[in-house]
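These notes concern the structure reproduced below.
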Amino acid sequence: MAESMQGLKRSHRCTELSGKNIGETVTVMGWVQKSRNKGGIIFVDLRDRSGLLQIIFEDGQISEEGFKKAEKLRSEFVIAVVGKVEARQGGINKNLATGDIEIRAEQLRILSESETPPFPIEENSKTKEDLRLKYRYLDLRRPDLQRNIMLRSKIAMIIRAFLAEEGFLEIETPTLTKSTPEGARDYLVPSRVHPGNFYALPQSPQLFKQLLMVAGYDRYFQLAKCYRDEDLRADRQPEFTQVDMELSFVDVDDVIDVNERLLAKVFKEVLDIDLELPFKRMTWQEAMDRYGSDKPDTRFGMELCNVTDVVKNCGFAVFTDAIAAGGSVRGINAKGQGSMPRKKIDALVKFVKDYGAKGLAYIAIGEDGTVKSSFGKFMTEEEMAALIGAMDGENGDLLLFVSDKNKVVYDSLGALRIEIARQLGLLDKNQYNFLWVTEFPLLEWSEEENRFTAMHHPFTMPMEEDLQYIDTDPGRVRAKAYDIVLNGTELGGGSVRIHQNHVQEKMFEVLGFTKDEAYERFGFLLNAFKYGVPPHAGLAYGLDRMVMLIAKQESIRDVIAFPKVKDASCLMTDAPNIVDDKQLTELGIEIAKDSEA
């Protein structure tokens, strides 16, 4: 039967005790990790969020009633123990922070009993994730997950302290806002007071933080909850946390400077790593040409090589047809992989097809210099030698090529170099390669909507020298936008914002909005811009991604306390779920019935 604490107060967490406390009487509380009854003496591993501590219940050293209670202890019982700290008798356990001490119990209270958990509470659990997420409150007791969640808290505290020191103000922005459908889908919230009208949950505090700059607050930040109704991946959730910031009277270099110092502070305090400042910078075009990605992983080479000019007149129609259609031919050199089995090469062919490529041409160079190629019969010896030379091909290398529209070539080869690096073990999690990617295109063409859309968002400032092309060649205009990339993952992104009304109106015009449509969607921002706007810029990090990379986890679900699964549902609470008809009637909502049902 569970007992109350009856005035007992915990004196220490488990691992706050050490050899310095030997001889002291202490009170510890936590969960039973395991209990071993050796007859007359019971060993219990007690667990709290700090770690494990061994407790000894010895018949005769504790009351008879206390020993009988100790015999009942099972995994996950919650107990309070009063006892004396002693040097461990049975040999030091070097795997434990408290491995040189134990507590000889004098009092025991069972504060709560537990049923047998549906899976063991242990590090590196082999239990299926779906079961663990259903019982997330138990999963969160696992020491590795607790370390992740505590690390997240520590990182958040460091960020807050640093930004406060730099003159930023923490200001909360609303989470019930107006829907401005430009980008990912909004989550909508019906209004009972305004029937037929909806709030949207914010995809980011973008407009509000710009308004705070208009309002003169100069430097703002927030750890903001954001929501996007989009398909999920390992590093995406429908609700996520942004480290959001905005600064007035600044340009690109000012934002980059403060954020490099912020990241250096986080990595020094959390991992004791000294980051080398300033970080490298690379334009978007250079990143695409060299790595096929706007978030390149620079921990390894295998860069893309443009061989369009080398093969433009060759006899291989797959190459020449792609070039004639305005595309390109590019390749990567997987050094030392010339003996890769055909089966593995076929798997790589299949891999690039997922990224839109129609196929993957290859040249395998043996250690003895013999050449095997999927297209060799269409090339002369001179053409083949020129191509191998252009790729720096040497004995033992595997050369892989894609020919298509540039976007397909970039996407497929960019993903392929990461996949091969993964297979070859080239992705070192202990290496942290930071990179700023700058000068993004301002706009990208949407085939679906048959118009230009904003690559970042409609409030991004074009580069002044490119404004001359905004009417005649909009695709040529570069943005004052910048992303911070870590090991091939976009950690955060931002831009200098448009602060001049005529530029903002021109941007909406290029995006295909009439003046009335622009005011209907963003009128409150455009009206605010009539009243003196400082030049301003900002950036937002995905806090979840940042913690995931620092904690060396594969999924952001492992650094979020209560995450959703791939279909955006919560297995623990069964959200989303139906609501009763009375609530729907109050909101003026009727659920459309499936005609077949």
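The values are calculated or read from the model by the stated rules, or taken from the named source; none is laboratory data. Computed from a predicted structure; not experimentally measured. Here the Cβ positions follow ideal geometry from the backbone for every residue, glycine too, while neighbour counts run over all protein chains shown. Each accessible area value is taken on the protein alone, full model and side chains, heavy atoms only, with ligands, DNA and RNA left out. Shrake-Rupley method; radii C 1.70, N 1.55, O 1.52, S 1.80 Å.
Classify the stretch 227-302: rounded, prolate or oblate, from the alpha-carbon gyration tensor (a ≥ b ≥ c, eigenvalue square roots; a/c under 1.5 rounded; otherwise prolate if a/b is larger than b/c)?
Taking the square roots of the gyration eigenvalues as a ≥ b ≥ c, the stretch 227-302 is rounded.
What dipole magnitude, in Debye to the nearest 20, does the stretch 119-199 give about its Cα centre under +1 on Lys/Arg Cβ and -1 on Asp/Glu Cβ?
With Lys and Arg at +1 and Asp and Glu at -1, about 440 debye.
Quick one: grab the alpha carbon gyration tensor of the stretch 43-112, order the square roots of its eigenvalues as a ≥ b ≥ c, and give me rounded if a/c is under 1.5, else prolate or oblate depending on whether a/b is larger than b/c.
oblate
What percent does the relative contact order of the stretch 154-283 come to when contacts are Cα pairs within less than 8 Å and at least six residues apart?
Relative contact order here is 22 percent.
Using a 1.4 Å probe, what is the accessible area per residue for the stretch 104-169, in Å²?
54 Å²
Give the shape of the stretch 1-100 as rounded, prolate or oblate, defined through the alpha-carbon gyration tensor: a ≥ b ≥ c are the square roots of its eigenvalues, a/c under 1.5 means rounded, and otherwise the shape is prolate if a/b is larger than b/c and oblate if not.
rounded
In what order, largest first, do Glu590, Glu113, Glu239, Glu65 sit by accessible area if the probe radius is 1.4 Å?
Glu590, Glu65, Glu113, Glu239
For a quick check of your reading of the filter: which trypsin sites (Lys or Arg not before Pro) in the stretch 539-597 sit in a DSSP loop and have no more than 13 other Cβ atoms within 10 Å?
The qualifying sites are Lys552, Lys566, Lys593.
Hey, what's the per residue convex hull volume over the C-alpha atoms of the stretch 417-524, in cubic angstrom?
142 Å³
Would you mind giving the average projected area, over all directions, of the Cα convex hull of the chain in nm² with one decimal?
Spelled out: convex hull of the Cα atoms, projected over all directions, averaged, 37.8 nm².
Keeping all protein chains in place, calculate the accessible area per residue for the stretch 1-93 (probe 1.4 angstrom), answer in Å².
In whole numbers, the stretch 1-93 has 52 Å² accessible per residue.
Tell me the carbon and sulfur percent of the accessible area for the chain, rounded to whole percent, probe radius 1.4 Å.
Carbon plus sulfur share of accessible area: 49 percent.
What does the accessible area per residue of the stretch 464-555 come to in Å², with a 1.4 Å probe and no ligands, DNA or RNA counted?
39 Å²
Run the 1.4 Å probe and let me know the accessible area of His457, rounded to the nearest 10 Å².
It works out to around 40 Å².
Have a look at Phe434, Gly331, Leu133 and report the one farthest towards the positive end of the charge dipole of the chain, computed about the Cα centre with Cβ charges (Lys/Arg +1, Asp/Glu -1).
Looking along the dipole axis, the top candidate is Leu133.
Below 8 Å, C-alpha to C-alpha, sequence gap of six or more: please give me the relative contact order for the stretch 1-53 in percent.
34 percent
List, in the order given, every pair from Lys335/Lys566; Lys265/Lys429; Lys312/Lys407; Lys480/Lys530; Lys34/Lys126; Lys358/Lys564 whose Cα-Cα distance in the structure shown is over 28 Å.
In this structure, Lys335/Lys566; Lys358/Lys564 lie more than 28 Å apart at Cα.
Using the C-alpha atoms of the stretch 264-379, what convex hull volume per residue, in cubic angstrom, is computed?
173 Å³
Restricting to Cα pairs below 8 Å that are 6+ residues apart, what does the relative contact order work out to for the stretch 515-597? Please round to a whole percent.
Reported relative contact order: 10 percent.
Is there a quick way to get the dipole size of the chain? I mean about its Cα centre, with the Cβ of Lys and Arg at +1 and of Asp and Glu at -1; what is the value in debye to the nearest 20?
1920 debye
Å³ per residue of the Cα convex hull, for the stretch 57-194?
It comes to 276 Å³ per residue, whole-number rounded.
For the stretch 202-291, which chymotrypsin sites (Phe, Trp or Tyr not before Pro) are both in a DSSP coil and crowded by at most 16 other Cβ atoms within 10 Å?
In loop regions of the stretch 202-291 (DSSP not H, G, I, E or B), the sparsely surrounded chymotrypsin sites (Phe, Trp or Tyr not before Pro) are Tyr217, Phe249.
Go through Ile158, Val255, Val243 and say which Cα lies farthest out towards the positive end of the charge dipole of the chain; charges sit on Cβ, +1 for Lys and Arg, -1 for Asp and Glu.
The residue sitting farthest along the positive end of the dipole is Ile158.
Find how many whole Å separate the alpha carbon centroid of the stretch 58-135 from the alpha carbon centroid of the stretch 142-176.
32 Å
Per 10 Å bin, what is the whole-percent P(r) computed from every C-alpha pair distance within the stretch 375-438?
Taking every Cα pair in the stretch 375-438, the percentages come to 15, 35, 36, 11, 3.
Evaluate the charge dipole of the stretch 438-597 about its Cα centre and quote only its size in Debye, nearest 20, assuming +1 on the Cβ of each Lys and Arg and -1 on the Cβ of each Asp and Glu.
Result for the stretch 438-597 is approximately 680 debye, rounded to the nearest 20.
Please identify every one of the GluC sites (Glu not before Pro) in the stretch 417-449 that sits in a loop by DSSP and has no more than 10 other beta carbons within 10 Å of its own beta carbon.
Glu447, Glu448, Glu449
So for the stretch 1-115, taking the charge dipole from beta-carbon charges (+1 Lys/Arg, -1 Asp/Glu), which of Ser35, Ser4, Leu108 sits furthest toward the positive end?
Comparing the listed Cα positions along the dipole, Ser35 ranks first.
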